[in-house]
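The structure appears below as structure tokens.
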Amino acid sequence: MSDRFEAPKGTFDYLPPEAGIRAVVEQRMLEQARLAGYERIETPVFEDTGLFARGVGEATDVVQKEMYTFTDKGGRSLTLRPELTAGVVRALIEHGRITAGVTKVAYTGPQFRYERPQAGRQRQFHQVGVEALGSQDPALDADVVLVGHEVFRELGAEVTLLLTSLGDAECRPAYRGRLLEFLHGLGDELPAQARARAELNPLRVLDMKDSRVQELTADAPLMRDALCPACRAHDERVRGLLAEAGIKWVEAPRLVRGLDYYVRTTFEWQAAGLDAAQNALGGGGRYDGLSEAVGGPPAPGVGWALGLDRVVLALGPAGRLPVDPYRLDVLVIPLGDRAGDTAFTLVRDLRRAGLVADLPYAERTLKGHMKAAAKAAAAAVVILGEAELAAGQVGIRDMAARDQQPVPLADAVRAVEAIVRPR
Ligand code: HAM
């Protein structure tokens, strides 16, 4: 047995600079939610196991195969949250926040699913999401989609919006029956895995990747063609608003998604250039009925969650990753003890000006210091030599331009700012 430890399978350590870049992407997502009136909410990382069984759906892969469930020392069955919608709805019910009117909340945090790890598919992953409860107005569905659209626009990510309607309690049961009949009609021709799925949730057979299943179900009845008048009107209004806002989508009549709570509007954003196993950057939909399923009052809702890990993965090859805001702007190098005092005050002043400024905390040759500054990708270096300091001067080097100038100590902050943030 090795005496060293590694991160558990399917989890990742995000180190600098990647962790800093992720934080910027996360912040940009949350900012679009804030601008649209979604207020921050935080809920526990673990919940009662029953919440997910009832909320997400007993028959889903998430609940059947992917939950991290454990019994605590008090004998309670708890589960690391595999998603956040159920927890958010639970919290809003518990604190009496489901009242007349619309409640809009946004969240960010880790989720846990015991999946087969591969690129973009992890056992701990991070989501940013929004939920809007309290209205059946199709404008709320459109609002939620608009926020996601603006996130991808801001990030410069190329995505395709897949959109469909999954009907509701009025029209889906009859459709489900017809689809099941169709699937039964295929008999043993349908692969065993699809037959098993059909019994749990026949709609999920339609989004299977297996080409044989796709061929056999090419003529299967589609929910889209079986919507009741109310669902159809809702769907048309959502699409009308999206079109009005210039948002494009692709019809996805076979889109089902892996969680059971969806009704009516259901959507997913897919990235160009990633494999099918990881190209869903985010998704969501309407979930009228979820509140009642977990013991709350009627509270129709709609929302989405974006996978931060996957979004960052998609931005990389597209050259759209933001700059790490934690990167060093300026290294202040004191040469000699007395220069050390001045250098310490200078980093204070540089930081007060909003620059990332630091000292080397090591004795090195000037050449060694410059190497360290280059390695840290600092934009500027301030050199405090004893002789120059005696004359009230410092040397300021623009690392990119490889240009060094003497500057009065009193002007050092301004001179560094001019290098770091050129106008
Ligand atoms: P979901 O589609 O299961 O929806 O997850 C949303 C996003 O989380 C996915 O599109 C993907 O980017 C990311 N994700 C999911 N599983 C993994 C994984 N194993 N590794 C990496 N990323 C992953 C939900 O969770 C719903 N709660 C969304 C929602 C909110 N619906 C309504 N409101």
- [ ] May I ask you to order 297-304, 364-371 by the average number of other C-beta atoms within 10 Å around their residues, highest value first?
- [x] 297-304, 364-371
Task: Relative contact order computed over segment 12-119 (Cα-Cα under 8 Å; 6+ residues apart), in percent - done: 33
Task: Most positive-pole-ward Cα, G303, L146, A376, against dipole of the chain from beta carbon charges - done: A376
Task: Nearest-ten-degree value, helix 366-375 long axis tilted from longest Cα axis of the chain - done: 10
Task: Nearest 10 degrees, 0 to 90: helix 229-244 Cα axis against the chain principal axis - done: 30
Task: segment 1-145: C-alpha gyration tensor shape, a/c 1.5 cut-off, then a/b vs b/c - done: oblate
TODO: Please say if segment 373-423 is rounded, prolate or oblate, where rounded means a/c under 1.5 for a ≥ b ≥ c the square roots of the C-alpha gyration tensor eigenvalues, and otherwise the choice is prolate for a/b larger than b/c and oblate otherwise?
DONE: oblate
TODO: Hey, can you grab everything whose amide H is under 5 Å from the amide H of V394? Only 5+ residues off in sequence or another chain; H modelled, so Pro and N-termini drop out.
DONE: V407, L409
TODO: Taking the Cα centre of segment 1-155 as origin, work out the dipole magnitude from +1 charges on Lys and Arg Cβ and -1 charges on Asp and Glu Cβ, in debye rounded to 20.
DONE: 300
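Over all distinct Cα pairs, what is the inverse of the mean 1/r for segment 270-359, reported as the Kirkwood hydrodynamic radius in Å? Walk me through the numbers before you get to the answer.
On the way: mean 1/r = 0.0552 Å⁻¹.
Hydrodynamic radius (Kirkwood, Cα pairs) of segment 270-359 is 18.1 Å.
Please give the per residue volume of the convex hull enclosing the alpha carbon atoms of segment 164-290, rounded to a whole number of Å³. Mind dumping the intermediate values first?
Details: hull volume 14.6 nm³, N = 127.
Here the figure is 115 Å³ per residue.
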Open item on the list: Just to be sure I understand the curve: with the Debye formula and one point per C-alpha of the chain, what is log10 I(q)/I(0) at q = 0.06, 0.08, 0.11 Å⁻¹?
Closed with: -0.36, -0.58, -0.89
Task: Selected from Q270, G156, G177, residue furthest toward positive end of dipole (the chain; charges at beta carbon) - done: G156
TODO: Enter the angle in degrees (range 0 to 90, nearest 10) between the Cα long axis of helix 138-155 and the first principal axis of the Cα atoms of the chain, meaning the one along which they spread out most.
DONE: 30
- [ ] For R264, list long-range residues whose amide hydrogen, built 1.01 Å from N in the peptide plane, is under 5 Å from its own amide hydrogen.
- [x] L166, G167, D168
- [ ] Can you send over the carbon and sulfur percentage of the accessible area for the chain, probe radius 1.4 Å, protein chains only?
- [x] 51
TODO: Show that you can apply the helix-only estimate: for the chain, add -39,500 (n - 2.57) for every DSSP H stretch of four or more residues, divide by all residues, and state [θ] at 222 nm to the nearest 500.
DONE: -11000 deg cm²/dmol
- [ ] Would you mind classifying segment 1-56 by shape? Square roots of the alpha carbon gyration tensor eigenvalues, ordered a ≥ b ≥ c; an a/c under 1.5 is rounded, otherwise it is prolate if a/b is larger than b/c and oblate if not.
- [x] oblate
Open item on the list: I'd like to know which of G120, G289, P221 lies farthest towards the positive end of the charge dipole of the chain, counting +1 on Cβ of Lys and Arg and -1 on Cβ of Asp and Glu.
Closed with: G120
Task: Phi-based couplings in Hz for segment 277-286 (Karplus 6.51, -1.76, 1.60; Gly and Pro marked x) - done: 5, 9, 7, 7, 7, x, x, x, x, 8
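Roughly what % of DSSP beta bridges within segment 310-423 run antiparallel, to the nearest 5? Before the final figure, lay out the partial values.
Working: 10 of 18 bridges.
Close to 55 percent.
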Task: Average accessible surface area per residue within segment 180-302, 1.4 Å rolling probe, Å² - done: 44
Task: Normalised contact order of segment 65-116, rounded percent, pairs of Cα under 8 Å and 6 or more residues apart - done: 45
Open item on the list: As a test, work out the antiparallel percent of DSSP beta bridges whose residues both lie in the chain, rounded to the nearest 5.
Closed with: 80
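Evaluate the charge dipole of the chain about its Cα centre and quote only its size in Debye, nearest 20, assuming +1 on the Cβ of each Lys and Arg and -1 on the Cβ of each Asp and Glu. Write out the running numbers ahead of the final one.
On the way: 52 positive and 58 negative charges, 108 e Å.
Dipole magnitude for the chain comes out near 520 debye.
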TODO: Normalising by the residue count of the chain, find the relative contact order in percent from Cα pairs under 8 Å and 6+ residues apart.
DONE: 16
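The values are calculated or read from the model by the stated rules, or taken from the named source; none is laboratory data. The shown structure was predicted, so the numbers you read here are calculated from the model rather than taken from an experiment. Positions of Cβ are backbone-derived with ideal geometry, glycine not excepted, and every protein chain shown enters the neighbour counts. For the accessible areas, the whole protein counts, side chains as well, though only heavy atoms, and no ligand, DNA or RNA atoms are used. Shrake-Rupley method; radii C 1.70, N 1.55, O 1.52, S 1.80 Å.
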